[in-house]
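Structure, as structure tokens:
The values are calculated or read from the model by the stated rules, or taken from the named source; none is laboratory data. As the structure is a prediction and not an experimental result, all values here were calculated from the model. Cβ coordinates were reconstructed from backbone atoms using ideal geometry, including for glycine residues, and neighbour counts include every protein chain displayed. Side chains are part of the model used for accessible areas, which takes the heavy atoms of the whole protein and leaves out ligands, DNA and RNA. Shrake-Rupley method; radii C 1.70, N 1.55, O 1.52, S 1.80 Å.
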Amino acid sequence: MPPSFSSEPTSLIRFSCDSGANLLDSIQTFVQQYTSARFRPAIAEKIAVASYELLVNALNYSSVSRDVIFELVASHDVVTVRVQNETIPTRAAMLRDHLARVTKDPEAAFMEEMGKSVGASARRPSLGLARIAFEARMSLTLEQQDQRVIMSASTRL
Amino acid sequence: MSKLEQLSTPELPGVQLKVSAGGVSLAGMVTMQNPSESIGKFLKSVHEAALADGLKKLDIDVTSLTFVNSSAIRMFIDWATWTKALAVPQRYILNFKSSRSITWQRTSFVALKALAPEVVSVESE
């Protein structure tokens, strides 16, 4: 039976985890297995990139509270990966600037980040957002509520 | 037996590595947060073996590598950088055998070839 969604967004997966816990592999495996069963392969592939890259960003840069909240939300025609974490104001500002560059021209940002990646630290986050925008062709948004940052990546089903 | 064939491959969760006389293959998914500590070291040993064997071209079969994180993409960039840094007579071509049906491969290898056209070639199936 094909998946059915109401016109109201439905939370398909929601969990919180401690940014100190080494759960990324397990979370990614679970999300990929779930989305592969629920969505067509092209959509599952996009969600895999977005969920991994947003989570790793949040896990690496959480502060204050170490809770990271992950959510996969779907309506009848859109699916969204949403990741929330708390971070310091300077980091949030950097993220906002970077996001503006990535969303303005995803391909140029991806090529630029690939070039910058030569010899870069493994924890440098910038390529991840460029991958979501260019490779996965998902739209990215950032909301900020005090120290809480909510990054969302959405695509049409 | 070539130096390349003598390499031992690390056992890693989620990803399978193999070596042959003319190249290496990577299959599965790379989700570990810092793959440079394991896969990256293995790729460095492949690079050194390719140099010792005097290869002019090394095949890297990634057609079954379905998911990689950004850190893994950086490893391929690093590899192209090591090769590009060599004197021209020592250089070898990194020939990536990729799959058109896997999105990350379509975008990343086109970008990698643009960054290091002297040492990267891409075959798509």
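Quick rundown of the values:
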{"read-out": "Matching residues in segment B:91-100 - criterion: being open to solvent by 30 Å² or more (accessible area, probe 1.4 Å) and either modelled with pLDDT under 90 or more than 14 Å from every other protein chain (Cβ to nearest Cβ) (or both)", "value": "B:Arg91, B:Ile93, B:Lys97"}
{"read-out": "Matching residues, segment B:11-34, being within 14 Å of chain A (Cβ to nearest Cβ) and open to solvent by less than 60 Å² (accessible area, probe 1.4 Å)", "value": "B:Leu12, B:Gly14, B:Val15, B:Gly28, B:Met29, B:Val30, B:Thr31, B:Met32, B:Asn34"}
{"read-out": "Only listed residue being hydrophobic (A, V, I, L, M, F, W, C), within 14 Å of chain B (Cβ to nearest Cβ), within 14 Å of the chain's Cα centre (by Cα) and surrounded by fewer than 21 Cβ atoms within 10 Å (Cβ to Cβ), chosen from A:Ala44, A:Ala58", "value": "A:Ala44"}
{"read-out": "Search result, residues across segment B:41-66 that are more than 10 Å from B:Lys3 (Cβ to Cβ) and of a type in the set (D, E, K, R)", "value": "B:Lys41, B:Lys44, B:Lys56, B:Lys57, B:Asp59, B:Asp61"}
{"read-out": "Scope segment A:26-46; condition within 16 Å of A:Gly128 (Cβ to Cβ) and out of contact with any strand residue (DSSP E or B) (no Cβ under 6 Å at 6 or more places or on another chain); matching residues", "value": "A:Ile27, A:Gln28, A:Val31, A:Glu45"}
{"read-out": "The one condition in (1) within 14 Å of chain A (Cβ to nearest Cβ); (2) of a type in the set (Phe, Trp, Tyr); (3) closer than 22 Å to B:Val119 by Cα that B:Phe42 fails to fulfil", "value": "(1)"}
{"read-out": "In segment B:101-125, the residues that are open to solvent by 10 Å² or more (accessible area, probe 1.4 Å) and either in a helix (DSSP H, G or I) or closer than 16 Å to A:Glu112 by Cβ (or both)", "value": "B:Thr103, B:Arg106, B:Thr107, B:Val110, B:Lys113, B:Ala114, B:Leu115"}
{"read-out": "Options B:Arg91, B:Arg74, B:Arg106: the member that is under 19 Å from A:Phe134 (Cβ atoms) and over 13 Å from the mean Cα position of the chain (by Cα)", "value": "B:Arg106"}
{"read-out": "So B:Lys3, is it under 18 Å from B:Tyr92 (Cα atoms) and basic (Lys, Arg)", "value": "yes"}
{"read-out": "Residue tally, condition open to solvent by 30 Å² or more (accessible area, probe 1.4 Å), within 11 Å of another protein chain (Cβ to nearest Cβ) and closer than 27 Å to A:Glu45 by Cα, over segment B:45-90", "value": "2"}
{"read-out": "Selection count, segment B:107-125, where residues are at pLDDT 90 or above and either charged (D, E, K, R) or farther than 19 Å from A:Glu107 by Cβ (or both)", "value": "5"}
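Listed here are the residues, each with its yes/no results for (1) crowded, with 20+ Cβ neighbours inside 10 Å; (2) within 11 Å of chain B (Cβ to nearest Cβ); (3) of a type in the set (Asp, Glu).
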residue: A:Leu12; (1), (2), (3): no, no, no
residue: A:Leu24; (1), (2), (3): no, yes, no
residue: A:Ser36; (1), (2), (3): no, yes, no
residue: A:Glu71; (1), (2), (3): no, no, yes
residue: A:Arg91; (1), (2), (3): no, no, no
